[in-house]
1. Is at least one residue of region 55-72 in contact (Cβ under 8 Å) with a residue 12 or more places away in the chain, in contact with a helix residue (DSSP H, G or I) (Cβ under 7 Å, 6 or more places away or on another chain), open to solvent by less than 70 Å² (accessible area, probe 1.4 Å) and within 11 Å of Leu6 (Cα to Cα)?
2. Might you check whether a residue that is in contact (Cβ under 8 Å) with a residue 24 or more places away in the chain, open to solvent by less than 60 Å² (accessible area, probe 1.4 Å) and under 30 Å from Glu30 (Cβ atoms) occurs anywhere in region 164-180?
3. Give the residues of region 121-157 that are surrounded by 13 or more Cβ atoms within 10 Å (Cβ to Cβ) and not in a helix (DSSP H, G or I), sorted by residue number.
4. Whether any residue in region 130-145 is modelled with pLDDT under 95, farther than 28 Å from Asp186 by Cα and among the polar types (S, T, N, Q) is what I want to check.
5. Quick check: anything in region 90-104 open to solvent by 70 Å² or more (accessible area, probe 1.4 Å), closer than 23 Å to His21 by Cβ and either among the aromatic types (Phe, Trp, Tyr) or in contact (Cβ under 8 Å) with a residue 12 or more places away in the chain (or both)?
6. Considering only region 107-120, state which residues are open to solvent by less than 80 Å² (accessible area, probe 1.4 Å) and either assigned to a helix (DSSP H, G or I) or free of Cβ contacts under 8 Å to residues at least 24 places away in the same chain (or both).
7. Taking region 73-89 only, how many residues are of a type in the set (A, V, I, L, M) and open to solvent by 50 Å² or more (accessible area, probe 1.4 Å)?
8. Among residues belonging to region 31-48 that are open to solvent by 40 Å² or more (accessible area, probe 1.4 Å) and closer than 20 Å to Pro17 by Cβ, point out the one that is modelled with the lowest pLDDT.
Amino acid sequence: MSSIRLFILGSLAERGPMHGHQLRLLAEQEHVHLWTDISVGSVYGAMKRLAAEGLIDVVRVEREGNYPERQVYEVSPTGRQALSALRLEGLCTIVIKPDPFDLAMTRLDPDRLDELPRMIDARLLSLRAMLADAEAVTASALPYLTASERFVMRHKADRIRAEIAWHDHLVTVLPDIIADEHARKDP
C-alpha cells in the first residue's frame with residue numbers, strides 16, 4: 001500500500017489538474033506528514049513514477065512570471081482504476097509491523113537481566129513522551145483538519161496508548177520473566 005500514490009491520485013481526482021508544487025503545498029496544507037507515512041518532499045519523485053507508469057498525464061505546461069515551466073498533471077483512465085484499487089486496499093489492509101522489541105524479549109542477555117526493569121521503564125517514559133507529542137501536534141493542528149483527519153490523528157495516539165498499556169502489563173509480569181530466564185540460565 002502506497003500512501004503517497006493514494007494521496008496524489010486522490011488529490012488530482014478530487015481537485016482536478018495540478019502541478020507538483022501545488023500538490024506539495026496541498027500536502028503541507030493538509031498536514032499529511034502528521035497523520036500518514038507521507039513525506040511532503042517525496043511528492044515530486046512519486047509524481048515522476050506515476051507519470052512513467054501512465055497513471056497521470058501531462059495536460060499542459062504553465063509558466064508564471066520568472067518561475068520555471070511546470071507540468072500540470074491529471075489522472076489518466078488507468079490512474080483512476082489504480083486509485084480505486086488503492087482506496088479499497090487502504091480501507092481493507094491492516095498494517096501492524098512487528099516490533100524488534102518482541103524478538104529482543106525472547107533473546108534476552110542472561111548477563112544483563114538485572115538491567116531489564118530499567119530498560120522497560122525507559123521505554124515507558126519514551127512512549128509517554130511520544131503520546132504527549134502526538135497529542136500536542138493534534139491539538140495544534142485541530143483548526144486545520146477535517147473531521148476524518150482529526151479522527152485518524154487520534155488513531156496514532158490510541159495506538160501509543162495501547163503500547164503503554166501493554167508495557168504497563170509487562171512491568172507486572174517482568175519478575176516472572178526474569179525468574180524464568182534465570183532458571184533457564186542455571187539448570
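1. No, region 55-72 has no match at all.
2. Yes, region 164-180 has at least one match.
3. Of everything in region 121-157, just one residue is surrounded by 13 or more Cβ atoms within 10 Å (Cβ to Cβ) and not in a helix (DSSP H, G or I), namely Leu145.
4. Scanning region 130-145 turns up at least one residue that is modelled with pLDDT under 95, farther than 28 Å from Asp186 by Cα and among the polar types (S, T, N, Q).
5. Checked against the condition, which is being open to solvent by 70 Å² or more (accessible area, probe 1.4 Å), closer than 23 Å to His21 by Cβ and either among the aromatic types (Phe, Trp, Tyr) or in contact (Cβ under 8 Å) with a residue 12 or more places away in the chain (or both), region 90-104 yields no hits at all.
6. Of region 107-120, the ones open to solvent by less than 80 Å² (accessible area, probe 1.4 Å) are 108-110, 113, 115-117, 120.
Within region 107-120, Asp109, Pro110, Leu113, Glu115, Leu116, Pro117, Ile120 qualify.
7. Count: 2.
8. Tyr44
The values are calculated or read from the model by the stated rules, or taken from the named source; none is laboratory data. Note that the coordinates shown come from a computational prediction; the quantities given were computed from them, not determined experimentally. So basically every Cβ, Gly included, is an ideal-geometry build from the backbone, and we count neighbours across all protein chains shown. For the accessible areas, the whole protein counts, side chains as well, though only heavy atoms, and no ligand, DNA or RNA atoms are used. Shrake-Rupley method; radii C 1.70, N 1.55, O 1.52, S 1.80 Å.
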